[in-house]
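A short write-up of the structure that comes next.
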Amino acid sequence: MRTGRIIKSLSGVYRVDSDGEMFDTKPRGLFRKKKFSPIVGDIVDFEIENVTEGYIQHVHERQNELKRPPVSNIDHLVIVMSAVEPDFSTQLVDRFLVIAHSYGLNPRIVVTKKDMASDSQIERIEKDLDVYRAIGYPVQFVGKNDNIETIFDEWGSGLAVLSGQSGVGKSTLLNAYRPDLAIETNQISKSLNRGKHTTRHVELFERKGGFVADTPGFSALDFDHIHKDEVKDYFLEIQEYGQGCKFRNCNHIKEPQCNVKAQVEAGNIAQFRYDHYVQLFEEIANRKERY
Ligand SMILES: Nc1nc2c(ncn2[C@@H]2O[C@H](COP(=O)(O)OP(=O)(O)OP(=O)(O)O)[C@@H](O)[C@H]2O)c(=O)[nH]1
Ligand SMILES: [Zn+2]
């Protein structure tokens, strides 16, 4: 029996990387009976059938898991945002952070296209990024001419998954790091070729110390699995200052003696972070439950 990691899945065949050796594996029949499917990212034990094929016997327990697209055991969720085209948005960063924390993922922020931004745009973005640095998120701000190797190496070992809107430069980052992959970038021809609803599959690529993957489709931010009372826990500094509120279940909206509101006043919590929290809280509180 060998152990490896599923790096790709295509029509019921799972490619497993086991110490750099590749095997095309199929799950044993017992998985089908249990309605359980292995997904990309899974660590599996498999029986070798011949030099390149095998049968999956066991899937190790997942540390975490994204449903759309399905990928498991993510060590770093890399939130990719561009400085311009599309414009940097703290609102979007905050929404990605909430999603990351709701799945128990460890997020970091990479801002691209620094070379395309003006000095005043860079200055404004840096000011916002300082807010995230102060909360404790690792932040990188990069452009076309920066050394991509070092950007990837700073992420540490394990599986790093790229997420972010279309056009922010995820494929460009991957290509700069692994030119051999030649992943299509977001040129006009690509949007013509690829319908909006075409599904792309996640694939793990080797990088120094681990793997990296793009997440097609993850740009659609879905909060359905989050209850309104959880939202405050996913804004880390709000969660922390919330310990000082008079009411233990304070949602920091209209409650009296709220330490979070006091800290916003005092400038210890960024106004935009609080505003985004309230916005998301109300959005989720007002959504119509579908079940
Ligand atoms: N000047 C400059 N252009 C960049 C940079 N990063 C990406 N681009 C350009 O921005 C466009 C979009 O980049 P992609 O890498 O395709 O973006 P993506 O995030 O992979 O987009 P999707 O595949 O649609 O999710 C391409 O034309 C890139 O050449 C950068 O740092 N500097
Ligand atoms: Zn409060």
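Couple of notes before you dig in:
- Of the listed requirements (1) hydrophobic (A, V, I, L, M, F, W, C); (2) surrounded by 19 or more Cβ atoms within 10 Å (Cβ to Cβ); (3) out of contact with any Cys (no Cβ under 9 Å at 6 or more places or on another chain); (4) touching a residue at least 12 places away in the same chain (Cβ under 8 Å), Val264 misses just one: (4).
- Of all residues making up region 65-83, the number that are surrounded by 16 or more Cβ atoms within 10 Å (Cβ to Cβ) and not in a strand (DSSP E or B): 6
This table checks each residue for (1) within 13 Å of ligand 1 (Cβ to nearest atom); (2) touching a residue at least 24 places away in the same chain (Cβ under 8 Å).
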{"residue": "Leu105", "(1), (2)": "no, yes"}
{"residue": "Asp115", "(1), (2)": "yes, yes"}
{"residue": "Arg133", "(1), (2)": "no, no"}
{"residue": "Gly143", "(1), (2)": "yes, yes"}
{"residue": "Gln165", "(1), (2)": "yes, yes"}
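- Search result, residues across region 1-17 that are under 27 Å from the mean Cα position of the chain (by Cα) and not in a strand (DSSP E or B): Ser11, Gly12
- Residue list for region 230-242, filter: among the charged types (D, E, K, R) and touching a Phe, Trp or Tyr at 6+ places or on another chain (Cβ under 9 Å): Lys232
- Single residue of Glu123, Glu154 found to be exposed (fewer than 15 other Cβ atoms within 10 Å of the Cβ) and over 26 Å from His276 (Cα atoms): Glu154
- Per the listing Phe223, Phe272, the residue uniquely surrounded by fewer than 19 Cβ atoms within 10 Å (Cβ to Cβ), modelled with pLDDT under 95 and not aliphatic (A, V, I, L, M) is Phe223.
- Just one of the listed residues (Thr25, Thr90) is among the hydroxyl-bearing types (Ser, Thr, Tyr) and either buried (at least 22 other Cβ atoms within 10 Å of the Cβ) or on the phi > 0 side of the Ramachandran plot (or both), namely Thr25.
- For Asn249: the one exception among (1) polar (S, T, N, Q); (2) more than 13 Å from ligand 2 (Cβ to nearest atom); (3) at pLDDT below 95: (2)
- Being within 12 Å of ligand 2 (Cβ to nearest atom), under 17 Å from Asp94 (Cα atoms) and under 28 Å from the mean Cα position of the chain (by Cα) is a description that does not apply to Ile284.
The values are calculated or read from the model by the stated rules, or taken from the named source; none is laboratory data. Please read these numbers as outputs of a predicted model, since none were measured by experiment. Note: ideal-geometry Cβ built from the backbone for every residue, glycine included; neighbour counts use all protein chains shown.
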